[in-house]
1. Give the accessible area for Asp307 in Å² (nearest 10); use a 1.4 Å probe, count only protein heavy atoms, and leave out ligands, DNA and RNA.
2. Between Met425 and Lys382, how high is the FRET efficiency from 1/(1 + (r/R0)^6) when r is the Cβ-Cβ distance and R₀ = 60 Å? Nearest 0.05.
3. Note the full-extension length gain between Ala156 and Lys255 as 0.36 nm times their separation in residues minus their Cα-Cα distance, in nm to one decimal.
4. When only DSSP loop residues count, what GluC sites (Glu not before Pro) in segment 188-240 have their Cβ near at most 16 other Cβ atoms within 10 Å?
5. Could you check the spin-label model distance between Ser31 and Gln98? Points 7 Å from the Cα along Cα→Cβ, value in nm.
6. Once fully extended, how much extra length lies between Asp414 and Asp319, figured as 0.36 nm per residue of separation less the alpha-carbon to alpha-carbon distance?
7. What FRET efficiency comes out for His332 versus Val88 if R0 is 45 angstrom and r is the Cβ-Cβ distance? Round to the nearest 0.05.
8. Order Lys169, Lys382, most accessible first, counting only protein heavy atoms with a 1.4 angstrom probe.
Amino acid sequence: WISRFAMARGSSSGGGRVRHRGAGQAKQQPSNEERARRAAERATRSKPEPINWLSVVLLGGLLVGGGGTLAVKAYNGFSRFFEPTYEVIDPQNTGYLQEIMFKGEPWVVFCGRKTANGRVNNTYEGRSSLTSVKTMDTLAVKANYRFRVGLMDCSAVLPSGKTIYERFKLKPKASSSQIAFWVANGSPPRIIDPAWLRASNEYEVARLATKIASWTSLKMDHLTSTKQLTKKCVEYKRGCLVVVHKAQALPANKKQVMDDIMKNHRKLRYFILDITKRQISLHLPPAMMGYPQLLFVKKIARGEGVDRFFEYKYSVFDDEFEKKEVEKFLEHGTTKGPEDSTFWQDLEPIPRISKTIAPPSTPRDTTRKRTAKPKGPTRRRKDENTKKAQAAAKKRRQREQSKAAPPEEADETDEEKYKRRRRKMDEDILENAPQALEEDEFEGGDAGMGEGMEEEEEAEIDLDLDSSSEDEVEILPEE
(Lines give C-alpha, C1' and ligand atoms only; values in the text may rest on other atoms or scores of the structure.)
Protein backbone atom coordinates (compact mmCIF):
# COMPACT_ATOMS: atom_id res chain seq x y z
CA TRP A 1 0.00 0.00 0.00
CA ILE A 2 2.86 2.36 0.79
CA SER A 3 4.61 1.54 -2.48
CA ARG A 4 1.43 2.13 -4.45
CA PHE A 5 0.89 5.46 -2.65
CA ALA A 6 4.46 6.45 -3.46
CA MET A 7 4.03 5.48 -7.11
CA ALA A 8 0.81 7.47 -7.32
CA ARG A 9 2.47 10.43 -5.72
CA GLY A 10 5.46 10.16 -8.01
CA SER A 11 3.27 9.95 -11.09
CA SER A 12 1.23 12.95 -9.95
CA SER A 13 4.39 15.00 -9.37
CA GLY A 14 6.39 16.43 -12.19
CA GLY A 15 8.86 14.49 -14.45
CA GLY A 16 6.72 11.45 -15.02
CA ARG A 17 9.09 9.34 -13.03
CA VAL A 18 7.91 5.84 -12.14
CA ARG A 19 9.51 3.82 -9.40
CA HIS A 20 9.84 0.08 -10.07
CA ARG A 21 10.14 -2.57 -7.46
CA GLY A 22 13.35 -4.26 -6.99
CA ALA A 23 13.88 -8.01 -7.21
CA GLY A 24 13.52 -8.44 -3.42
CA GLN A 25 10.45 -6.31 -3.28
CA ALA A 26 8.50 -8.13 -5.98
CA LYS A 27 5.33 -9.64 -4.67
CA GLN A 28 4.87 -13.32 -5.29
CA GLN A 29 1.49 -14.22 -6.72
CA PRO A 30 -0.02 -17.52 -5.45
CA SER A 31 -0.41 -20.25 -7.99
CA ASN A 32 -3.72 -21.82 -8.94
CA GLU A 33 -2.98 -24.92 -6.87
CA GLU A 34 -2.38 -22.77 -3.81
CA ARG A 35 -5.63 -20.89 -4.34
CA ALA A 36 -7.58 -24.15 -4.69
CA ARG A 37 -6.03 -25.52 -1.52
CA ARG A 38 -6.94 -22.42 0.49
CA ALA A 39 -10.50 -22.49 -0.81
CA ALA A 40 -10.88 -26.14 0.25
CA GLU A 41 -9.60 -25.31 3.73
CA ARG A 42 -12.11 -22.49 4.04
CA ALA A 43 -14.95 -24.77 2.98
CA THR A 44 -14.05 -27.51 5.44
CA ARG A 45 -13.55 -25.09 8.35
CA SER A 46 -16.37 -25.47 10.99
CA LYS A 47 -18.65 -22.46 11.53
CA PRO A 48 -19.13 -21.10 15.13
CA GLU A 49 -22.40 -22.15 16.80
CA PRO A 50 -25.03 -19.38 17.41
CA ILE A 51 -25.31 -17.95 20.95
CA ASN A 52 -28.28 -19.21 22.99
CA TRP A 53 -29.45 -15.91 24.45
CA LEU A 54 -32.17 -17.54 26.58
CA SER A 55 -29.55 -19.52 28.47
CA VAL A 56 -27.48 -16.38 28.92
CA VAL A 57 -30.47 -14.48 30.38
CA LEU A 58 -31.40 -17.34 32.73
CA LEU A 59 -27.84 -17.71 33.94
CA GLY A 60 -27.55 -13.95 34.52
CA GLY A 61 -30.83 -13.91 36.45
CA LEU A 62 -29.66 -16.74 38.68
CA LEU A 63 -26.43 -14.96 39.40
CA VAL A 64 -28.12 -11.61 40.11
CA GLY A 65 -30.93 -13.22 42.17
CA GLY A 66 -28.53 -15.22 44.25
CA GLY A 67 -26.37 -12.18 44.80
CA GLY A 68 -29.45 -10.07 45.67
CA THR A 69 -30.65 -12.67 48.16
CA LEU A 70 -27.25 -12.77 49.78
CA ALA A 71 -27.19 -8.97 49.85
CA VAL A 72 -30.66 -8.82 51.48
CA LYS A 73 -29.65 -11.39 54.07
CA ALA A 74 -26.46 -9.50 54.77
CA TYR A 75 -28.40 -6.23 55.16
CA ASN A 76 -30.95 -7.84 57.50
CA GLY A 77 -28.20 -9.30 59.61
CA PHE A 78 -26.36 -5.99 59.67
CA SER A 79 -29.51 -4.00 60.59
CA ARG A 80 -30.43 -6.62 63.19
CA PHE A 81 -27.17 -5.76 64.90
CA PHE A 82 -28.46 -2.21 65.45
CA GLU A 83 -32.02 -3.14 66.45
CA PRO A 84 -33.01 -2.58 70.08
CA THR A 85 -32.99 -5.65 72.27
CA TYR A 86 -33.68 -6.41 75.88
CA GLU A 87 -31.21 -5.28 78.52
CA VAL A 88 -29.95 -7.29 81.48
CA ILE A 89 -30.29 -5.17 84.65
CA ASP A 90 -28.04 -5.72 87.61
CA PRO A 91 -30.10 -5.34 90.82
CA GLN A 92 -26.92 -4.43 92.76
CA ASN A 93 -26.44 -1.31 90.63
CA THR A 94 -28.62 0.88 92.84
CA GLY A 95 -28.06 4.09 90.87
CA TYR A 96 -29.24 2.62 87.59
CA LEU A 97 -32.08 0.75 89.33
CA GLN A 98 -33.34 3.97 90.93
CA GLU A 99 -33.22 5.69 87.56
CA ILE A 100 -35.39 2.94 86.06
CA MET A 101 -37.91 2.83 88.89
CA PHE A 102 -38.22 6.52 89.77
CA LYS A 103 -37.11 8.72 86.87
CA GLY A 104 -40.30 8.23 84.87
CA GLU A 105 -39.02 6.61 81.67
CA PRO A 106 -41.26 3.74 80.45
CA TRP A 107 -39.82 0.29 81.11
CA VAL A 108 -41.04 -3.30 80.88
CA VAL A 109 -39.02 -5.58 83.17
CA PHE A 110 -39.19 -9.38 83.03
CA CYS A 111 -38.25 -11.12 86.27
CA GLY A 112 -35.91 -14.12 85.99
CA ARG A 113 -32.50 -15.40 84.99
CA LYS A 114 -31.43 -16.55 81.55
CA THR A 115 -30.79 -20.30 81.26
CA ALA A 116 -28.57 -22.25 78.89
CA ASN A 117 -31.48 -23.45 76.72
CA GLY A 118 -32.38 -19.90 75.64
CA ARG A 119 -35.19 -19.31 78.12
CA VAL A 120 -35.72 -17.26 81.25
CA ASN A 121 -36.48 -18.96 84.54
CA ASN A 122 -38.84 -16.94 86.72
CA THR A 123 -38.68 -17.77 90.42
CA TYR A 124 -41.15 -16.50 93.01
CA GLU A 125 -41.66 -18.09 96.44
CA GLY A 126 -40.35 -21.44 95.27
CA ARG A 127 -42.49 -21.48 92.13
CA SER A 128 -40.87 -21.24 88.72
CA SER A 129 -42.03 -20.57 85.15
CA LEU A 130 -40.30 -20.00 81.84
CA THR A 131 -40.30 -17.09 79.44
CA SER A 132 -38.91 -17.22 75.92
CA VAL A 133 -35.95 -14.96 75.20
CA LYS A 134 -37.24 -14.62 71.64
CA THR A 135 -40.45 -13.07 73.02
CA MET A 136 -38.45 -10.41 74.86
CA ASP A 137 -36.33 -9.74 71.78
CA THR A 138 -39.41 -9.37 69.55
CA LEU A 139 -41.11 -7.14 72.12
CA ALA A 140 -38.06 -4.86 72.22
CA VAL A 141 -38.19 -4.52 68.42
CA LYS A 142 -41.97 -3.96 68.27
CA ALA A 143 -41.71 -1.32 70.99
CA ASN A 144 -40.20 1.00 68.37
CA TYR A 145 -38.47 3.07 71.08
CA ARG A 146 -41.75 3.81 72.87
CA PHE A 147 -40.50 1.87 75.90
CA ARG A 148 -37.51 -0.26 76.86
CA VAL A 149 -37.37 -3.93 77.79
CA GLY A 150 -35.19 -5.33 80.57
CA LEU A 151 -34.44 -8.62 82.34
CA MET A 152 -33.68 -8.63 86.05
CA ASP A 153 -33.43 -11.18 88.83
CA CYS A 154 -36.23 -9.88 91.02
CA SER A 155 -35.53 -12.45 93.76
CA ALA A 156 -32.03 -11.05 94.36
CA VAL A 157 -31.56 -9.21 97.65
CA LEU A 158 -31.06 -5.47 97.30
CA PRO A 159 -28.63 -3.47 99.46
CA SER A 160 -31.65 -2.54 101.59
CA GLY A 161 -32.12 -6.22 102.49
CA LYS A 162 -35.36 -6.63 100.47
CA THR A 163 -36.11 -8.17 97.11
CA ILE A 164 -37.85 -6.36 94.26
CA TYR A 165 -41.05 -8.24 95.12
CA GLU A 166 -40.93 -7.03 98.72
CA ARG A 167 -39.72 -3.52 98.00
CA PHE A 168 -42.53 -2.69 95.52
CA LYS A 169 -45.13 -5.21 96.78
CA LEU A 170 -45.29 -7.17 93.53
CA LYS A 171 -47.25 -10.41 93.53
CA PRO A 172 -48.06 -12.56 90.48
CA LYS A 173 -51.70 -13.29 89.81
CA ALA A 174 -51.19 -17.02 89.15
CA SER A 175 -49.12 -19.71 90.82
CA SER A 176 -47.00 -20.61 87.79
CA SER A 177 -47.25 -17.60 85.51
CA GLN A 178 -44.65 -15.48 83.81
CA ILE A 179 -43.71 -12.42 85.84
CA ALA A 180 -43.23 -9.00 84.26
CA PHE A 181 -44.12 -5.46 85.29
CA TRP A 182 -44.17 -2.04 83.70
CA VAL A 183 -43.19 1.26 85.29
CA ALA A 184 -43.50 4.80 83.86
CA ASN A 185 -44.26 8.46 84.63
CA GLY A 186 -43.22 8.24 88.30
CA SER A 187 -46.00 5.77 89.15
CA PRO A 188 -45.31 2.59 91.13
CA PRO A 189 -44.64 -0.59 89.08
CA ARG A 190 -47.61 -2.71 88.06
CA ILE A 191 -47.74 -6.41 87.25
CA ILE A 192 -48.70 -7.31 83.66
CA ASP A 193 -51.56 -9.78 83.33
CA PRO A 194 -50.08 -13.24 82.48
CA ALA A 195 -52.65 -13.62 79.69
CA TRP A 196 -50.81 -10.91 77.74
CA LEU A 197 -47.47 -12.68 78.19
CA ARG A 198 -48.56 -15.87 76.44
CA ALA A 199 -47.81 -14.36 73.01
CA SER A 200 -46.64 -17.09 70.63
CA ASN A 201 -46.12 -15.17 67.37
CA GLU A 202 -45.09 -11.73 66.16
CA TYR A 203 -48.67 -10.52 65.74
CA GLU A 204 -49.52 -11.21 69.39
CA VAL A 205 -46.25 -9.65 70.54
CA ALA A 206 -47.05 -6.54 68.46
CA ARG A 207 -50.46 -6.34 70.17
CA LEU A 208 -48.74 -6.58 73.55
CA ALA A 209 -46.36 -3.77 72.54
CA THR A 210 -49.28 -1.55 71.51
CA LYS A 211 -51.05 -2.25 74.80
CA ILE A 212 -47.98 -1.44 76.89
CA ALA A 213 -47.46 1.78 74.90
CA SER A 214 -51.01 2.86 75.75
CA TRP A 215 -50.38 2.10 79.46
CA THR A 216 -47.14 4.08 79.60
CA SER A 217 -48.14 7.08 77.47
CA LEU A 218 -48.98 10.46 78.98
CA LYS A 219 -52.35 12.10 78.33
CA MET A 220 -53.93 15.48 79.00
CA ASP A 221 -57.23 15.08 80.85
CA HIS A 222 -60.00 17.68 80.65
CA LEU A 223 -60.41 19.69 83.85
CA THR A 224 -64.14 19.94 84.65
CA SER A 225 -64.63 20.22 88.44
CA THR A 226 -63.11 21.65 91.60
CA LYS A 227 -62.79 18.17 93.11
CA GLN A 228 -60.72 17.01 90.15
CA LEU A 229 -58.51 20.10 90.39
CA THR A 230 -57.94 19.64 94.13
CA LYS A 231 -57.42 15.89 94.27
CA LYS A 232 -55.51 15.19 91.05
CA CYS A 233 -53.65 18.45 90.53
CA VAL A 234 -53.17 20.59 93.63
CA GLU A 235 -52.58 17.67 96.03
CA TYR A 236 -50.24 15.83 93.65
CA LYS A 237 -46.78 15.97 95.16
CA ARG A 238 -44.78 16.09 91.93
CA GLY A 239 -46.51 19.08 90.34
CA CYS A 240 -49.24 19.73 87.82
CA LEU A 241 -49.44 21.72 84.59
CA VAL A 242 -52.82 23.09 83.41
CA VAL A 243 -53.17 24.33 79.82
CA VAL A 244 -55.75 27.15 79.71
CA HIS A 245 -57.15 27.49 76.22
CA LYS A 246 -60.29 28.66 74.41
CA ALA A 247 -61.02 25.24 72.93
CA GLN A 248 -61.26 21.59 73.91
CA ALA A 249 -58.12 20.67 71.94
CA LEU A 250 -54.90 22.43 70.99
CA PRO A 251 -53.88 23.23 67.42
CA ALA A 252 -51.53 20.77 65.73
CA ASN A 253 -48.36 22.82 66.24
CA LYS A 254 -49.15 23.57 69.89
CA LYS A 255 -50.04 19.93 70.53
CA GLN A 256 -46.65 18.88 69.16
CA VAL A 257 -44.97 21.28 71.58
CA MET A 258 -46.91 19.79 74.48
CA ASP A 259 -46.07 16.23 73.38
CA ASP A 260 -42.36 17.06 73.46
CA ILE A 261 -42.75 18.75 76.84
CA MET A 262 -44.56 15.75 78.31
CA LYS A 263 -41.84 13.36 77.10
CA ASN A 264 -39.17 15.47 78.79
CA HIS A 265 -41.13 15.97 82.03
CA ARG A 266 -42.88 12.68 82.67
CA LYS A 267 -43.36 13.12 86.41
CA LEU A 268 -45.81 16.00 86.04
CA ARG A 269 -49.54 15.63 85.49
CA TYR A 270 -51.18 17.46 82.62
CA PHE A 271 -54.67 18.90 82.23
CA ILE A 272 -56.44 21.17 79.75
CA LEU A 273 -59.09 23.73 80.77
CA ASP A 274 -61.53 24.96 78.12
CA ILE A 275 -62.47 28.44 79.32
CA THR A 276 -65.35 28.64 76.85
CA LYS A 277 -67.20 26.04 78.98
CA ARG A 278 -65.48 26.24 82.39
CA GLN A 279 -64.00 29.12 84.33
CA ILE A 280 -61.51 29.16 87.20
CA SER A 281 -61.71 31.52 90.18
CA LEU A 282 -58.12 32.66 89.73
CA HIS A 283 -56.97 35.97 88.30
CA LEU A 284 -55.01 35.23 85.12
CA PRO A 285 -53.36 37.85 82.90
CA PRO A 286 -54.80 38.25 79.40
CA ALA A 287 -53.48 35.71 76.91
CA MET A 288 -50.82 36.91 74.51
CA MET A 289 -52.15 36.94 70.92
CA GLY A 290 -54.51 34.07 71.69
CA TYR A 291 -51.71 31.71 72.77
CA PRO A 292 -52.55 29.01 75.33
CA GLN A 293 -51.55 29.82 78.91
CA LEU A 294 -49.85 27.44 81.34
CA LEU A 295 -50.69 27.24 85.03
CA PHE A 296 -47.92 25.47 86.96
CA VAL A 297 -49.12 24.25 90.39
CA LYS A 298 -46.82 22.72 93.01
CA LYS A 299 -47.24 21.30 96.51
CA ILE A 300 -44.35 22.12 98.86
CA ALA A 301 -43.75 20.47 102.24
CA ARG A 302 -42.61 22.53 105.22
CA GLY A 303 -41.29 21.41 108.59
CA GLU A 304 -40.75 17.91 109.96
CA GLY A 305 -42.62 15.51 112.17
CA VAL A 306 -45.67 16.93 113.89
CA ASP A 307 -44.81 20.40 112.62
CA ARG A 308 -45.01 19.29 109.00
CA PHE A 309 -47.40 21.24 106.77
CA PHE A 310 -47.84 22.00 103.08
CA GLU A 311 -47.90 25.14 101.02
CA TYR A 312 -49.42 25.48 97.57
CA LYS A 313 -47.73 27.67 94.96
CA TYR A 314 -48.51 28.51 91.39
CA SER A 315 -46.98 30.36 88.47
CA VAL A 316 -48.46 31.48 85.12
CA PHE A 317 -46.77 31.27 81.72
CA ASP A 318 -48.25 33.78 79.26
CA ASP A 319 -45.34 34.22 76.85
CA GLU A 320 -45.01 33.01 73.27
CA PHE A 321 -45.99 29.34 73.19
CA GLU A 322 -42.76 27.80 71.84
CA LYS A 323 -40.90 24.72 73.00
CA LYS A 324 -37.79 26.61 74.01
CA GLU A 325 -39.72 29.14 76.10
CA VAL A 326 -41.88 26.50 77.80
CA GLU A 327 -38.82 24.38 78.62
CA LYS A 328 -37.16 27.40 80.16
CA PHE A 329 -40.27 28.11 82.23
CA LEU A 330 -40.49 24.54 83.58
CA GLU A 331 -36.74 24.37 84.24
CA HIS A 332 -37.01 27.56 86.24
CA GLY A 333 -39.93 26.13 88.21
CA THR A 334 -38.15 22.86 89.05
CA THR A 335 -34.84 24.47 90.07
CA LYS A 336 -36.05 27.59 91.89
CA GLY A 337 -37.14 27.18 95.47
CA PRO A 338 -40.46 28.31 96.90
CA GLU A 339 -38.75 31.39 98.35
CA ASP A 340 -38.43 32.91 94.87
CA SER A 341 -41.36 35.32 94.99
CA THR A 342 -40.64 36.55 91.47
CA PHE A 343 -41.70 33.17 90.11
CA TRP A 344 -44.05 31.59 92.68
CA GLN A 345 -47.26 32.98 94.14
CA ASP A 346 -49.38 31.66 96.99
CA LEU A 347 -52.37 29.59 95.94
CA GLU A 348 -54.79 30.53 98.70
CA PRO A 349 -57.60 29.69 98.74
CA ILE A 350 -57.83 26.72 96.41
CA PRO A 351 -59.46 27.97 93.18
CA ARG A 352 -62.84 26.67 92.10
CA ILE A 353 -63.99 25.42 88.71
CA SER A 354 -67.50 26.38 87.57
CA LYS A 355 -69.49 26.44 84.38
CA THR A 356 -69.20 29.47 82.19
CA ILE A 357 -72.36 31.60 82.21
CA ALA A 358 -73.27 32.84 78.76
CA PRO A 359 -73.82 36.63 78.55
CA PRO A 360 -77.45 37.73 78.21
CA SER A 361 -78.50 38.29 74.65
CA THR A 362 -79.57 41.81 73.60
CA PRO A 363 -83.32 42.24 72.92
CA ARG A 364 -84.26 42.18 69.28
CA ASP A 365 -85.28 45.47 67.68
CA THR A 366 -88.64 44.76 66.09
CA THR A 367 -89.11 48.32 64.79
CA ARG A 368 -86.21 48.09 62.37
CA LYS A 369 -87.09 46.84 58.93
CA ARG A 370 -85.41 43.77 57.67
CA THR A 371 -83.23 44.52 54.69
CA ALA A 372 -82.40 40.95 53.83
CA LYS A 373 -85.03 38.92 52.10
CA PRO A 374 -86.33 36.00 54.10
CA LYS A 375 -85.16 32.67 52.90
CA GLY A 376 -87.69 30.59 51.04
CA PRO A 377 -88.76 27.13 52.09
CA THR A 378 -86.32 24.37 51.62
CA ARG A 379 -86.86 21.45 49.27
CA ARG A 380 -87.86 19.23 52.16
CA ARG A 381 -90.42 21.74 53.41
CA LYS A 382 -91.83 22.11 49.90
CA ASP A 383 -92.34 18.38 49.66
CA GLU A 384 -94.07 18.33 53.04
CA ASN A 385 -96.41 21.18 52.03
CA THR A 386 -97.28 19.40 48.77
CA LYS A 387 -98.12 16.20 50.63
CA LYS A 388 -100.31 18.10 53.10
CA ALA A 389 -102.21 19.85 50.27
CA GLN A 390 -102.80 16.55 48.49
CA ALA A 391 -104.10 14.93 51.69
CA ALA A 392 -106.49 17.88 52.32
CA ALA A 393 -107.85 17.72 48.75
CA LYS A 394 -108.43 14.00 49.10
CA LYS A 395 -110.40 14.48 52.32
CA ARG A 396 -112.49 17.24 50.70
CA ARG A 397 -113.40 15.01 47.76
CA GLN A 398 -114.39 12.23 50.12
CA ARG A 399 -116.69 14.59 52.06
CA GLU A 400 -118.37 15.81 48.85
CA GLN A 401 -118.92 12.26 47.63
CA SER A 402 -120.43 11.24 50.97
CA LYS A 403 -122.89 14.19 50.83
CA ALA A 404 -123.97 13.46 47.24
CA ALA A 405 -124.57 9.74 47.78
CA PRO A 406 -128.09 8.79 49.07
CA PRO A 407 -128.20 7.52 52.61
CA GLU A 408 -128.18 3.80 52.85
CA GLU A 409 -131.41 2.33 54.21
CA ALA A 410 -131.01 0.35 57.33
CA ASP A 411 -132.30 -3.18 57.50
CA GLU A 412 -136.11 -3.02 58.13
CA THR A 413 -138.43 -5.61 59.51
CA ASP A 414 -141.58 -6.67 57.68
CA GLU A 415 -143.78 -4.61 59.96
CA GLU A 416 -141.73 -1.45 59.34
CA LYS A 417 -141.85 -2.03 55.60
CA TYR A 418 -145.66 -2.43 55.76
CA LYS A 419 -146.10 0.82 57.74
CA ARG A 420 -143.82 2.73 55.37
CA ARG A 421 -145.68 1.54 52.30
CA ARG A 422 -149.03 2.30 53.94
CA ARG A 423 -147.96 5.87 54.66
CA LYS A 424 -146.75 6.30 51.13
CA MET A 425 -150.04 5.08 49.67
CA ASP A 426 -152.00 7.41 51.97
CA GLU A 427 -149.91 10.35 50.86
CA ASP A 428 -150.47 9.50 47.21
CA ILE A 429 -154.22 9.21 47.70
CA LEU A 430 -154.38 12.55 49.50
CA GLU A 431 -152.39 14.27 46.81
CA ASN A 432 -154.35 12.84 43.85
CA ALA A 433 -157.97 12.99 45.19
CA PRO A 434 -158.54 16.81 44.97
CA GLN A 435 -157.00 16.93 41.53
CA ALA A 436 -159.50 14.30 40.29
CA LEU A 437 -162.47 16.22 41.70
CA GLU A 438 -161.44 19.48 40.00
CA GLU A 439 -161.05 17.76 36.65
CA ASP A 440 -164.52 16.11 36.91
CA GLU A 441 -166.17 19.41 37.91
CA PHE A 442 -165.05 21.27 34.81
CA GLU A 443 -165.69 18.39 32.38
CA GLY A 444 -169.51 18.07 33.09
CA GLY A 445 -172.17 20.24 31.21
CA ASP A 446 -174.74 20.90 33.89
CA ALA A 447 -174.34 21.33 37.56
CA GLY A 448 -176.73 18.59 38.56
CA MET A 449 -174.79 15.97 36.80
CA GLY A 450 -171.68 17.36 38.27
CA GLU A 451 -173.02 17.16 41.77
CA GLY A 452 -174.18 13.61 41.26
CA MET A 453 -170.81 12.56 40.00
CA GLU A 454 -169.16 14.36 42.89
CA GLU A 455 -171.21 12.42 45.34
CA GLU A 456 -170.33 9.21 43.54
CA GLU A 457 -166.65 9.99 43.65
CA GLU A 458 -166.85 10.92 47.31
CA ALA A 459 -168.54 7.65 47.99
CA GLU A 460 -165.84 5.79 46.18
CA ILE A 461 -162.95 7.50 47.96
CA ASP A 462 -164.47 7.71 51.36
CA LEU A 463 -161.63 7.10 53.75
CA ASP A 464 -163.74 6.76 56.85
CA LEU A 465 -162.98 3.31 58.10
CA ASP A 466 -165.59 3.34 60.83
CA SER A 467 -167.51 0.09 61.24
CA SER A 468 -170.84 2.03 60.90
CA SER A 469 -169.96 2.95 57.31
CA GLU A 470 -171.60 0.79 54.72
CA ASP A 471 -168.84 1.12 52.13
CA GLU A 472 -165.66 -0.17 53.73
CA VAL A 473 -162.35 0.09 51.98
CA GLU A 474 -159.86 -2.67 52.67
CA ILE A 475 -156.23 -2.20 51.65
CA LEU A 476 -154.07 -5.26 51.78
CA PRO A 477 -150.28 -5.13 52.17
CA GLU A 478 -149.80 -6.76 48.78
CA GLU A 479 -151.60 -3.84 47.15
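1. About 110 Å², rounded to the nearest 10.
2. According to the calculation, E is roughly 0.45.
3. Numbers: separation 99, 0.36 × 99 = 35.64 nm, distance 4.30 nm.
Extending this stretch completely gives an extra 31.3 nm.
4. Those that pass, being in a loop and sparsely packed, are Glu235.
5. 11.5
6. Stretched fully, the Asp414-Asp319 segment lengthens by 23.6 nm.
7. The pair His332/Val88 has a calculated efficiency of 0.70.
8. So the residues, ranked largest to smallest area, are Lys169, Lys382.
The values are calculated or read from the model by the stated rules, or taken from the named source; none is laboratory data. In this text the structure is predicted, and so the values were computed from the model without any measurement. Glycine also receives a Cβ, built like all others from the backbone with ideal geometry; neighbour counts cover every protein chain displayed. Remember, those area values only see protein heavy atoms, side chains included, never the ligands or the DNA or RNA. Shrake-Rupley method; radii C 1.70, N 1.55, O 1.52, S 1.80 Å.
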